[in-house]
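The values are calculated or read from the model by the stated rules, or taken from the named source; none is laboratory data. Predicted model, so just to flag it, every value in this text is computed and none were measured. FYI the Cβ positions are ideal-geometry reconstructions off the backbone, even for glycines, and counts take in every protein chain you see.
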Amino acid sequence: MRIGMIGLGRMGGSLARRLMRAGHEAVVWDRDPAAIVLLADDGAIPATSLADLADQLGNGAIFWVMLPAGEATETTVDELSRIANSGSVVIDGGNSFYKDDIRRAKSLAALGIDYVDVGTSGGVWGAERGFCLMIGGLEETVRRLDPIFAALAPGIGDVARTPGRDRSDDRPERGYVHTGPPGSGHFVKMIHNGIEYGLMQAYAEGFDILKGKASETLPEEERFTINLPDVAEVWRRGSVISSWLLDLTSAALATDPDLSAFSGSVADSGEGRWTIDAAMEEAVPAYVLSAALYARYRSRMDSTFGDKLLSAMRLGFGGHIEIPR
């Protein structure tokens with residue numbers, strides 16, 4: 001299939017490359033000409049503008065927008081609504097607010113354009129590992145785009161199959177799922193990111209307590225100097241708390257046990273806030289997730305070793321740079 005990729009940053013470029021390796025054609029555009037050249041060198045078809053991109057894709061065009069949530073995505077989708085033909089599909093693979101997806105889907109449907117929201121997880125490693133995809137949209141549209149999603153997803157790989165699971169739809173086992181109507185994909189990804197905040201905070205606090213056991217404020221016989229890189233490494237192997245986040249933690253501690261390269265000023269992307277908003281709308285308690293969000297706010301005023309670990313994990317999975325103090 002031929003796909004137009006708009007936004008060629010860390011994620012967009014990786015998506016385009018993975019699609020091309022699977023035999024799909026990628027027509028690419030970015031406001032940065034250098035990013036277009038890099039993808040063209042890898043086999044992508046360059047476009048000089050969004051209008052040129054639409055012309056090259058022709059009827060039934062598939063546009064994948066991979067831009068930051070907010071104004072950048074909003075203005076791009078608005079422009080596509082004016083230049084895309086009826087029968088085209090606009091996919092937002094960023095981290096848009098799900099209520100914006102619902103509004104956009106209605107607006108584009110009136111023009112005969114389908115809208116699909118894809119929560120995309122995988123970070124900077126997705127080009128090699130594959131991307132976990134949470135997809136909102138009309139059933140027939142999502143099915144038509146299946147070759148794209150199958151190419152981007154990790155596949156079953158060597159992950160053990162869940163005993164007793166209904167195999168009538170094997171897409172979740174292959175790393176992508178149709179979650180429901182427009183908006184539902186980004187809603188599921190939003191909760192995914194809220195959970196991510198909580199998991200990261202748990203690791204950060206745990207390692208902070210381990211490090212603090214050497215404190216001179218404790219009785220001397222109760223002080224332990226714990227080798228944090230070794231603990232992280234052993235927990236990766238057979239522990240019930242093993243995870244990719246722990247893998248990233250171990251890698252960060254192995255190269256810099258004191259995490260001296262980090263200030264501990266931890267950013268939040270907005271998805272954590274939206275998750276707490278949804279919890280309040282539904283009257284669902286979210287103690288851990290809300291505390292993890294507030295901890296990031298606090299880190300910008302008074303950071304700890306655990307905050308440095310949060311920054312190290314964010315750099316590891318997403319290439320996120322700390323916000324300046």
Check your understanding: Within region 47-71, how many residues turn out to be under 25 Å from the mean Cα position of the chain (by Cα) and within 19 Å of Gly23 (Cα to Cα)?
Key -> 4
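Please verify whether Arg10 is on the phi < 0 side of the Ramachandran plot and either of a type in the set (Val, Ile, Thr) or surrounded by fewer than 19 Cβ atoms within 10 Å (Cβ to Cβ) (or both), treating the condition exactly as stated. Give the steps one after another, and end with the answer.
Values: on the phi < 0 side of the Ramachandran plot: yes; either of a type in the set (Val, Ile, Thr) or surrounded by fewer than 19 Cβ atoms within 10 Å (Cβ to Cβ) (or both): yes.
Yes; evaluated as a whole, the condition is true for this residue.
Residues that are over 29 Å from Asp230 (Cβ atoms): find the helices (runs of 4 or more DSSP H) completely inside region 255-325 holding 3 or more of those. If you could, list the steps in order and put the result at the bottom.
Numbers: elements: 271-282, 287-299, 305-318.
Qualifying helices (runs of 4 or more DSSP H): 271-282, 287-299.
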Practice item. Mind listing whichever residues of region 38-53 are closer than 15 Å to Glu25 by Cβ and touching a residue at least 24 places away in the same chain (Cβ under 8 Å)? Key: Leu39, Asp42, Ala44, Ala47, Leu53
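For every residue, the table says whether it meets (1) modelled with pLDDT under 95; (2) not in a strand (DSSP E or B).
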{"position": "Arg82", "(1), (2)": "no, yes"}
{"position": "Asn95", "(1), (2)": "yes, yes"}
{"position": "Lys106", "(1), (2)": "no, yes"}
{"position": "Gly112", "(1), (2)": "no, yes"}
{"position": "Ile135", "(1), (2)": "no, no"}
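This table checks each residue for (1) at positive phi; (2) surrounded by 18 or more Cβ atoms within 10 Å (Cβ to Cβ); (3) free of Cβ contacts under 8 Å to residues at least 40 places away in the same chain.
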{"position": "Gly157", "(1), (2), (3)": "yes, no, yes"}
{"position": "Asp166", "(1), (2), (3)": "no, no, yes"}
{"position": "His192", "(1), (2), (3)": "no, no, no"}
{"position": "Glu216", "(1), (2), (3)": "no, no, yes"}
{"position": "Gly238", "(1), (2), (3)": "yes, no, yes"}
{"position": "Ser260", "(1), (2), (3)": "no, no, yes"}
Review point. Which condition breaks for Ala69 when tested against (1) of a type in the set (A, V, I, L, M, F, W, C); (2) under 17 Å from Thr120 (Cβ atoms); (3) at pLDDT 95 or above; (4) surrounded by fewer than 23 Cβ atoms within 10 Å (Cβ to Cβ)?
Key: (3)
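This table checks each residue for (1) closer than 27 Å to Met313 by Cα; (2) outside the structural domain of Ala232 (by TED's automatic domain parsing).
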| residue | (1), (2) |
| --- | --- |
| Ala160 | yes, yes |
| Gly164 | no, yes |
| Ala204 | yes, no |
| Leu210 | yes, no |
| Leu218 | no, no |
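Within region 288-315, count every residue that is within 14 Å of Ile191 (Cα to Cα) and surrounded by fewer than 18 Cβ atoms within 10 Å (Cβ to Cβ). Please lay out each step first, then the result.
First pass over region 288-315, keeping only residues within 14 Å of Ile191 (Cα to Cα): 288-290, 292-293.
Right, trim to surrounded by fewer than 18 Cβ atoms within 10 Å (Cβ to Cβ) and you get 288.
Of the residues in that region, 1 qualify.
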Revision key, fill the gap. All-but-one check, Ile209 against (1) touching a residue at least 12 places away in the same chain (Cβ under 8 Å); (2) within 22 Å of Ser299 (Cβ to Cβ); (3) hydrophobic (A, V, I, L, M, F, W, C), failing number (1)
Revision key, fill the gap. Checked region 289-302 for anything farther than 14 Å from Ser269 by Cβ and touching a Leu at 6+ places or on another chain (Cβ under 9 Å); matches are Ala295, Ser299
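Could you please give the count of residues in region 24-53 that are among the aliphatic types (A, V, I, L, M) and in contact with a Ser or Thr (Cβ under 8 Å, 6 or more places away or on another chain)?
Quick first cut of region 24-53, residues among the aliphatic types (A, V, I, L, M) only: 26-28, 34-40, 44-45, 47, 50-51, 53.
Remaining after also requiring in contact with a Ser or Thr (Cβ under 8 Å, 6 or more places away or on another chain): 50.
Total satisfying the criteria: 1.
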**Study point:** Residues of region 71-105 satisfying the condition of being in contact (Cβ under 8 Å) with a residue 24 or more places away in the chain and farther than 20 Å from Val27 by Cβ
**Key:** Glu74, Asn95, Ser96, Phe97, Tyr98, Lys99, Asp100, Asp101, Ile102, Arg104, Ala105
Check your understanding: How many residues are of a type in the set (Val, Ile, Thr) and under 17 Å from the mean Cα position of the chain (by Cα) if we restrict to region 136-191?
Key -> 4
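Residues of region 42-59 being under 13 Å from Leu8 (Cβ atoms), of a type outside the set (Val, Ile, Thr) and either in contact with a helix residue (DSSP H, G or I) (Cβ under 6 Å, 6 or more places away or on another chain) or not in a helix (DSSP H, G or I) (or both), which ones? Explain how you work it out, then say what you get.
Within region 42-59, the subset under 13 Å from Leu8 (Cβ atoms) is 42, 44-47, 53.
Checking the rest, the ones that are also of a type outside the set (Val, Ile, Thr) come to 42, 44, 46-47, 53.
Across region 42-59, the qualifying residues are Asp42, Ala44, Pro46, Ala47.
Out of Ile148, Ile91, I need the residue that is more than 30 Å from Arg273 (Cα to Cα), of a type outside the set (Lys, Arg) and assigned by TED's automatic domain parsing to the domain that holds Gly12. Which one?
Ile148
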Practice item. Please work out which one of (1) of a type in the set (A, V, I, L, M, F, W, C); (2) surrounded by 17 or more Cβ atoms within 10 Å (Cβ to Cβ); (3) at pLDDT 95 or above is the condition Ala283 fails and give its number. Key: (2)
Practice item. Please go through region 252-303 and pick out each residue that is closer than 21 Å to Tyr98 by Cβ and polar (S, T, N, Q). Key: Ser269, Thr275, Ser290
